[in-house]
Amino acid sequence: MKKQITLIKGDGIGPEITRQAIKVLGAVASTFQHDFKYTEVDMGARAIEKHGVPITDEGLEACANSDAVLLGAIGDPKFDNDPTIKVRPEQGLLKLRKTLGLHSNIRPIKTYDEIIESSPLKKHLLDNVDFVIYRELIGGIYFGDKVLSEDEKKAYDLCEYTTDQIERITRKAFEGAQRRKKKVTLVDKANVLETSRLWRKTVREIAKDYQDVKLDYLFVDNAAMQIIQAPESFDVILTENMFGDILSDLASVITGSIGMLPSASVGEENALFEPIHGSYPQAEGLDIANPMAMILSVAMMLDYFDLTAEAAKVREAVEWALAKGYVTKDLKMNDPIGCERVGEIISLYIESEEELIINSRNTEQSMGVLI
Ligand code: IPM
Ligand code: MG
């Protein structure tokens, strides 16, 4: 299969983790006989330095014309603490999401037995945790009018939703639930917000088309508590843009490292895949960043291309690396390996699983031979 992929390496650790994604895609291409071609587009702080804008119109067009976009991470602390700055790295991502119509952001949260010790939660809470957040991505308070009064003493951000916007993500969430444990939890603040009441009404109507899926509701404050206290009780969480942003960072804590969580943002014609973590500027160039969230984002992209065996192989390779302890220091303080090595080992496993397993058995004590 031939695919044209736009790569956005971005800022901080973005370029290093994207390199690992390319290695993994190279291994998939050679093992399964595919042809992946790449175009590079600048976005984020580096794009601002180079072009004066966080993404250029040509960049947007290249993304729109490719089969998928793969993004490392963007953001730079020098923009974070100065509210007067007008051009920000994140504007590139928001513009890209909006231009490509990426309305549904899908963030799977899963625990892995091998790294359960890394989770700050008690072990008994972590059995069978496997849920997905469906976050509406191009509406709500992120995209409503933003106004600062002339005297700069008052500001507002408008939170607005239409039933059409609610419907398209809701259908995706219900279809997702049908392939899983058949439960959707709508998270909102319907006891306070008009938009949330519109969500409830609309979702309840649409749910009638999915009789095999159970629908329940939680207020967002309560949901934040339940995600920590009873994470195994969730299957699909459906929610609006801002709540989804906050809850997905919260949920990432369960797994043990935000460096493990991939995401997909899909629209009618385009899709973008990225880890949910940020650009981790403190780690730039140190070879300590965990590339697994990025590699698992590659798996989500392969699924989107309907290359399900290939996606399964990538996930198997990640789980194998976890089981063998070939992980970065966020998951293992003693004897971690670097970002580049993790990418290499996972790629090697995809290319030559048999050989590597034999090798690793013989070299359990001395990883040097293997890596
Ligand atoms: C995310 C990020 C973005 C968001 C930022 C970088 C604009 O936090 O993808 O969760 O808020 O959507
Ligand atoms: Mg976020």
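No value in this document is a laboratory result; all are computed from the given coordinates. A quick note: this is a predicted structure, and the numbers were derived from the prediction, not measured. Backbone-built Cβ (ideal geometry, glycine too); neighbour counts: all protein chains shown.
Between K78 and L193, what FRET efficiency comes out of the Förster formula 1/(1 + (r/R0)^6) with R0 = 30 Å and r the beta carbon distance, rounded to 0.05? Plugging the Cβ-Cβ distance into 1/(1 + (r/R0)^6) gives 0.30.
Indicate, rounded to the nearest 5 percent, the antiparallel portion of the DSSP beta bridges found entirely in the stretch 120-255.
Counting DSSP beta bridges with both partners in the stretch 120-255, the antiparallel share is about 20 percent.
Taking the Cα centre of the chain as reference, the dipole from Cβ charges on Lys and Arg (+1) and Asp and Glu (-1) amounts to some 680 debye. Applying 0.36 nm per residue to the separation of I85 and Q282 and subtracting their alpha-carbon distance, the gain on full extension is 68.8 nm. Of all DSSP beta bridges located in the chain, what percent are antiparallel, nearest 5? Here the antiparallel bridges make up roughly 40 percent for the chain. Using Cα pairs closer than 8 Å and at least 6 residues apart in sequence, work out the relative contact order for the stretch 120-255, in percent. Dividing the mean separation by the residue count of the stretch 120-255 yields 39 percent.
Helix 339-362 and the longest principal axis of the Cα set of the chain meet at an angle near 50°. Give the angle, between 0 and 90 degrees and rounded to the nearest 10, that separates the Cα long axis of helix 220-229 from the longest principal axis of the Cα atoms of the chain. Between the helix axis and the principal axis of the chain, the angle is about 30 degrees. In summary, the lysines within cross-link reach of K110, defined as a Cα separation below 22 angstrom excluding same-chain residues under 8 places away, comprise K122, K123, K172, K181, K182, K183, K214, K313, K324, K329, K332. For the stretch 252-324, the alpha-carbon coordinates run over 36, 29, 25 Å along the three principal axes, in decreasing order.
Efficiency by 1/(1 + (r/R0)^6): what FRET value for S30 and E269, r their Cβ-Cβ distance, R0 = 30 Å, to the nearest 0.05?
0.55
Kirkwood hydrodynamic radius of the chain, from the reciprocal of the average inverse Cα-Cα distance over all distinct pairs: 21.5 Å.
Full extension of the chain between T39 and A309 gives 94.7 nm of extra length, using 0.36 nm per residue less the Cα-Cα distance. Counting only the Cα atoms, the stretch 120-255 fills a convex hull of 114 Å³ per residue.
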